[in-house]
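Okay, structure first, notes after.
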Amino acid sequence: MLRASTAPDAPYYAAFMAPGGGITVQDRTTQGGQASTVTTTSGAAPAYLWISAAGNTLTTYGSADGYVWTPIPGSTADVNLGPGALAGLAVTSGSAAALSTATADSLVVSATPPAPAPPVPCPAPWTCADIGAPTPAGNQSFDPNTGTWTINAGGADITGTSDQFRYVSQPLTGDGSVTAHVTSQANTSTGAKAGPMFRASSDPAAPEYSVLVSPGQGIKVQIRKTQGGNTSKLANPAGTTPAYLKITRSGSTFTAYTSADGVTWTLIPGSTATLALGSSLLAGLAVTSHHDGVLGAVTMDTVTVG
């Protein structure tokens, strides 16, 4: 809550969580005036809430992780709280005869906007690990302010009967897709690879389906159908970074797409294949430098798994 004073009828602007769920943004714009609801939205504790003031304009933001903040639609209001506004936490039981207990952490009161959130090595629900023990070991970081992954990967290749690469992945059950905008790629080899991948497991020889961009060999759609089997190239259209890439799964059918803008997607001819990866698989981003002993940096944004 931001409040003009401790007077019971003082002007204020606040974002409240209710025990039964739901977030209510409300204000009182004048001394002794009627409090009103600015907007309501869905939500349940635990929840991250942030009120930002720019002059007399106030807005409430929500976050799932305390890093990436999104304005709550309809929450912006103009309230003159004067030069000495109070800022803090407000709790009411909603009953004249009962006490209410609430817990809160990560509290920050500041006269300036929050500093940009620091990069995160591997935020949940992602798992970040090398596949096939490449040397040197890879690493990665995620910038929550821009939604950008920076992945440094070694590895001989993603091909043949076994792979060496860095994999940033999460479990996916049932139908779904992986989308990524590969914005840059180090030219450690013309055959370096980066892009979305579905994979049966983290075993280096596991079955997989992927669409991977390279510095000098176009965009490769590839598949390994069986454990320890050979890798086949399904399609190889021209292209290099920046590249929007997407793979989809519908049952046991897998397909790859490209896009010029991340909005309109075009099927890659010849990319559709049938593959038995089980009901649950790993979905994410694969990067290999295609150069033993050398790390190659790749950046990706607009990444979605779902």
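The values are calculated or read from the model by the stated rules, or taken from the named source; none is laboratory data. Remember, it's a predicted structure, so these values are computed and weren't measured experimentally. FYI the Cβ positions are ideal-geometry reconstructions off the backbone, even for glycines, and counts take in every protein chain you see. Heavy atoms of the whole protein, side chains included, go into the accessibility calculation; ligands, DNA and RNA do not. Shrake-Rupley method; radii C 1.70, N 1.55, O 1.52, S 1.80 Å.
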task: State whether one or more residues within region 177-198 are hydroxyl-bearing (Ser, Thr, Tyr), touching a Leu at 6+ places or on another chain (Cβ under 7 Å) and under 16 Å from residue 126 (Cβ atoms).
output: no
task: Select from region 175-202 the residues that are among the β-branched types (Val, Ile, Thr) and either in a strand (DSSP E or B) or open to solvent by less than 10 Å² (accessible area, probe 1.4 Å) (or both) and write down the one among them that is farthest from residue 298 (Cα to Cα).
output: 178
query: Looking at region 118-129, is at least one residue in contact with a Leu (Cβ under 8 Å, 6 or more places away or on another chain) and of a type in the set (Phe, Trp, Tyr)?
result: no
query: Filter region 34-46 for residues that are loosely packed, with under 15 Cβ neighbours inside 10 Å and aliphatic (A, V, I, L, M); which is farthest from residue 88 (Cα to Cα)?
result: 44
Region 134-145, residues that are in a loop (DSSP other than H, G, I, E, B), in contact with a Pro (Cβ under 8 Å, 6 or more places away or on another chain) and either surrounded by 15 or more Cβ atoms within 10 Å (Cβ to Cβ) or at pLDDT 95 or above (or both): 144
field: Residue list for region 243-253, restricted to those being more than 14 Å from residue 220 (Cα to Cα), touching a strand residue (DSSP E or B) at 6+ places or on another chain (Cβ under 7 Å) and not β-branched (Val, Ile, Thr)
entry: 249, 252
task: Could you check, for region 223-235, whether at least one of its residues is closer than 15 Å to residue 182 by Cα and over 20 Å from the mean Cα position of the chain (by Cα)?
output: no
statement: Within region 146-174, residues farther than 28 Å from residue 272 by Cα, over 13 Å from the mean Cα position of the chain (by Cα) and assigned to a loop (DSSP other than H, G, I, E, B) come out as 154
task: Could you grab me the full set of residues in region 264-295 that are open to solvent by 30 Å² or more (accessible area, probe 1.4 Å), modelled with pLDDT under 95 and among the hydrophobic types (A, V, I, L, M, F, W, C)?
output: 276
message: If I ask for residues that are farther than 18 Å from residue 85 by Cβ and over 30 Å from the mean Cα position of the chain (by Cα), which ones from region 3-42 would you list?
response: 34, 36, 37
